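Bear in mind that the values in this text are calculations on the coordinates, not laboratory data. Note that the coordinates shown come from a computational prediction; the quantities given were computed from them, not determined experimentally. Reconstructed Cβ throughout: ideal geometry from the backbone, glycine too, with neighbour counts over all protein chains shown.
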Amino acid sequence: MYKRSVMAAVVCALASASAEDAPQVSLSVPSPFATEVTVKHYRKGQDLLHDPTFHLITVAPLTEYHGWFGPRVAHQANMYGWKVDVFARYSPKVAAACATARDGYEADLSIEPEFFAVDERLYMFARFEHKHFSWGDAVSFLSQSTQDSAVYVPHNGHLTYEVWGLTRDHKYTVVASVAVSHHKLEDWGPDVRDAPSIAALKRDRDYKRVEKCSADEFEPSLTAFDRMLDALVIR
């Protein structure tokens, strides 16, 4: 539910929206995920970035939780930032994905033109699942994106776990993500393989590994992130 535009203008500092404009949200964050947790509220039309080139404009009132799993470190493959966004808006595309999508490619959520116009190409959707949370229904998947035309196999440094869902009253859309790694995957660098096609990617041993391994083999555990997300309360 973001709209990003590339502009040369300087971005003004963000002003927090009042509580009545953004969803009233509470999230119980367990200690492993509790590094530098912040909560921000935005009105429709506010810019989320402090950047002179990139703008990220929310198209609906938004409450955002952001934090890190474990210590915040400099090495990209071991940086586990997470985010939980709650938008005061119903998304028909998320609803359709929750109702009928059979895989992440069919759901096609992270390149929704109404919400995102980004400069990265999301090319991988693995481990697609339908989920049920205390607040509503969702789909989840592992994703990877690139700024070039390569189709890199799953690797640590760009692998992301995403959850997209709707509350049961259809008033709010929830979009959550966390960077994850797996101890048997390569860290991002020159040794990461480039698959010649999406079909070849799906046959790759590392793609099959992230599709079939236990959710608890990832760092952080996908199960643990789902459990935190299940504690989300929207009023």
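Values as computed for the structure displayed
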| quantity | calculated |
| --- | --- |
| Part-to-part distance (alpha-carbon centres) for region 204-235 and region 170-191, which is given in Å | 9 |
| Size of charge dipole - region 2-234 - debye, nearest 20, with Cβ of Lys, Arg +1 and Asp, Glu -1, no other charges | 300 |
| Above-threshold pairs, the threshold being 26 Å between Cα atoms, out of 171/212; 93/184; 44/171; 131/171 | 171/212; 93/184 |
| Taking the chain and dividing mean pair separation by its residue count, relative contact order in percent (alpha carbons under 8 Å, at least six apart) | 20 |
| Förster radius 30 Å - calculated FRET efficiency between residue 214 and residue 75, Cβ distance, rounded to 0.05 | 0.80 |
| Estimated FRET transfer efficiency when R0 is 30 angstrom, pair residue 171-residue 193 (beta carbons, to 0.05) | 0.10 |
